[in-house]
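Notes to accompany the following structure.
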Amino acid sequence: MVHYVRLITLNRAVRQAVCCQFVAACCLASAGAQEPDARGSPSRDGAYLEDSFLPESENSAARPGFSFESVGYEEGDNDWRDAGVANEGQLASGTLVSEAASGEPCTCPCCQKKEAAKKQPTRKCVTCCRGRRVDWATIPPAARPMPRPGNFWVFPAEPGFYSLWDVWTCQWRDKPPPSGYPPFALMPPSFFDSNWSFVEGLDPAKRNLVESLKRVHLSDCLMFATGGQAWSRYMHETNSRLLEANNDYLLARTRVWGDLWYADTARLYGEYIWADSFAEDLAPLPIDVNRGDLLNLFVDVKVGEWEDKPVYVRFGRQELLLGSQRLVSTLDWANTRRTFEGVRVFRQGEKWDVDLFWTQLVPPLPSDFDRADHKRDFAGAWLTYRPKPGHFIDLYYLYANHNRPVNEQGLAVAPFDANTFGTRYAGDRNNWLWDFETAVQFGRRGGQDLLAGASTAGVGRRFAEAPARPTAWIYYDWASGDASPGVGGRSSTFNQLYPFGHYYLGWIDLVGRQNIHDVNGHLLLFPANWVTLWLQYHHFWLHHRRDALYNAGGVAIRRDPTGAAGNNVGDEIDVVLNIRLARYTDMMAGHSRLFGGSFLERTATQNLAADSDLTYLMFVQRW
């Protein structure tokens, strides 16, 4: 069988791109078109694609992370030679040739390296710290993968290109390259939970710039790491915030972090943030601007062990992310993120994770040093049980208060004291996915007794063998409202606490988890390993028509006290496209539109709109 291509007037870059397509065919043919092995074997060496995203059939009990080592040919291996004619022998040996101006053959480095390369031995870094053996490959033991969110999906792990840079340079990979960062522009988990332990097994001479900043051994007892992120996001909002006004502006953010470990005994972590808004038509939101501050600054101290797993106490300023993030999240979409100040006790195990914490919210101050708000406490206990790989059960209690009076849309929404008890079960089996969560809330709200609730039910299906590997979800979300707000001795409006509402209730951020019904569908597609397309549809209606519509921040933004406007809020469509430009570089673009229903139309005025649009373009660089 002869593969023959004539490349005549193409420049070298284009010839390589064309040749690259034949390389892909060559590699698959020489491998016998066999399936990739388990889509990336799980291990403890710390890549980002943890079991929190992967179905049960694609993970194991090895929880801290997956490492996808780049076997085949690696970065810099561009041994391309042009032109000639390929025969069956050349194809079998991993050499693909095509006729071009230079008259030289084009090789298939992926196949040749599989035959010739020997696997490099893993480097183990073990030191003696004050008479005690320290295995740095197991440190930090406290680094945790992001808990499985709602409408979770599976990032690709089969052979191919994993960034636009891979395509341009023809770097075909057997598996995703290892990284402590996600292959997506948004990163809800904190940098202090990123797992770079796989770097211990890399030859220092072959580490890239980002890897060389991680796990630097200063002595037998000390290890240091640093990194960061810079992003910029252009926003175009039509009828911004449901006002009859447009808003065009640019958001920019820089984060730089440093992490110092003393064996597994103590840790000092600090993170700086600078966030600003430019050229806006409306006043910036509180979550848009923080011109230089400490996002995280804490000390971890090991206080003991429970069933051979360390127990740590954390003191200081720290981000919180728990469970599905429907109630507790870092809110990565916000330019400033969300942080707290206080103490946390935590332990992670194979089956059980335990978190106990008492903190106070740290609201961002645009031009001043942030400080904890002593009138806003947030505390709780969170238990996660994993009966088997891919299955997660959360049990939790959360307490939040706000001891300042706040009135919105004629409603006394604070002061409040809210006690929330909840549970969640999420998992998968045979490519079927599920996610159920419910919570009940009681306490005080604006001088009334509080009794409220919220529930979520979702079922999904992953089509692993279909083109673009789609994952589809259908969800129903409900959060209680009050039939007669402010009347009588009881309130039943749910308090959404500190959620990642943007992820769940539409990217335009006009609907929150309070007094709402939402039937929503999600379709996740991967047209290529380095391209993610996410489509969403939401239909919203109020639980009680006399209560308010609350936005993603929990602020009451529209209300008809008579209830005559009805409860049909409307429909929202969201389109999100993420392109991985390089291993640590992403670009994300999207469009969202809210089609206002009867409630928004009847409460619209000369200054208040019924519809809204959002278009954005975002660039993210991490290191």
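The values are calculated or read from the model by the stated rules, or taken from the named source; none is laboratory data. Remember, it's a predicted structure, so these values are computed and weren't measured experimentally. As a convention, Cβ positions derive from the backbone with ideal geometry for all residues, glycine included, and neighbour counts pool all protein chains shown. Remember, those area values only see protein heavy atoms, side chains included, never the ligands or the DNA or RNA. Shrake-Rupley method; radii C 1.70, N 1.55, O 1.52, S 1.80 Å.
The table that follows gives values for the structure above.
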| quantity | calculated |
| --- | --- |
| Segment 158-202, residues that are out of contact with any strand residue (DSSP E or B) (no Cβ under 6 Å at 6 or more places or on another chain), over 27 Å from residue 264 (Cβ atoms) and assigned to a helix (DSSP H, G or I) | 166, 167, 168, 169 |
| Selection from segment 540-576 of residues that are buried (at least 18 other Cβ atoms within 10 Å of the Cβ), touching a residue at least 40 places away in the same chain (Cβ under 8 Å) and either among the aliphatic types (A, V, I, L, M) or in contact with a Cys (Cβ under 8 Å, 6 or more places away or on another chain) (or both) | 542, 548, 549, 552, 556, 557, 569, 576 |
| Members of segment 394-409 that are out of contact with any Lys or Arg (no Cβ under 7 Å at 6 or more places or on another chain) and surrounded by fewer than 16 Cβ atoms within 10 Å (Cβ to Cβ) | 395, 397, 405, 406, 407, 408 |
| Residue within segment 216-232 that is part of a strand (DSSP E or B), within 23 Å of residue 613 (Cα to Cα) and touching a Phe, Trp or Tyr at 6+ places or on another chain (Cβ under 9 Å) present | yes |
| Boolean, residue 453 is under 17 Å from residue 485 (Cα atoms) and at pLDDT below 95 | no |
| Exclusive hit being out of contact with any helix residue (DSSP H, G or I) (no Cβ under 6 Å at 6 or more places or on another chain), assigned to a strand (DSSP E or B) and over 18 Å from residue 477 (Cα atoms), set 593, 602 | 593 |
| Residue tally, condition in contact with a Gly (Cβ under 6 Å, 6 or more places away or on another chain) and in a strand (DSSP E or B), over segment 541-566 | 1 |
| Candidates 438, 423, filtered to the one that is closer than 30 Å to residue 359 by Cα, out of contact with any Lys or Arg (no Cβ under 9 Å at 6 or more places or on another chain) and open to solvent by 10 Å² or more (accessible area, probe 1.4 Å) | 423 |
| Those residues of segment 475-516 which are under 26 Å from residue 430 (Cβ atoms) and over 20 Å from the mean Cα position of the chain (by Cα), in sequence order | 476, 477 |
| Condition check for residue 388: surrounded by fewer than 21 Cβ atoms within 10 Å (Cβ to Cβ), touching a helix residue (DSSP H, G or I) at 6+ places or on another chain (Cβ under 9 Å), touching a residue at least 12 places away in the same chain (Cβ under 8 Å) and in a loop (DSSP other than H, G, I, E, B) | yes |
| Residues of segment 455-506 classified as over 30 Å from residue 417 (Cα atoms), open to solvent by 30 Å² or more (accessible area, probe 1.4 Å) and in a strand (DSSP E or B), total | 4 |
| Set 331, 356, 322, 327: member being within 17 Å of residue 189 (Cα to Cα), surrounded by fewer than 21 Cβ atoms within 10 Å (Cβ to Cβ) and touching a strand residue (DSSP E or B) at 6+ places or on another chain (Cβ under 9 Å) | 322 |
| Selection count, segment 510-528, where residues are in contact (Cβ under 8 Å) with a residue 60 or more places away in the chain and in a loop (DSSP other than H, G, I, E, B) | 3 |
| Residue 205, sole failed condition from (1) touching a residue at least 24 places away in the same chain (Cβ under 8 Å); (2) outside any strand (DSSP E or B); (3) among the hydrophobic types (A, V, I, L, M, F, W, C); (4) more than 20 Å from residue 318 (Cβ to Cβ) | (1) |
| Residues of segment 499-558 satisfying the condition of being in contact with a Pro (Cβ under 9 Å, 6 or more places away or on another chain) and closer than 26 Å to residue 158 by Cβ | 523, 524, 525, 526, 527, 528, 529, 530, 532, 533 |
| Count - residues of segment 233-251 that are without any contact (Cβ under 8 Å) to a residue 60 or more places away in the chain and either surrounded by 16 or more Cβ atoms within 10 Å (Cβ to Cβ) or in a strand (DSSP E or B) (or both) | 4 |
| Members of segment 346-357 found to be under 14 Å from residue 298 (Cβ atoms) and without any contact (Cβ under 8 Å) to a residue 40 or more places away in the chain, listed by number | 357 |
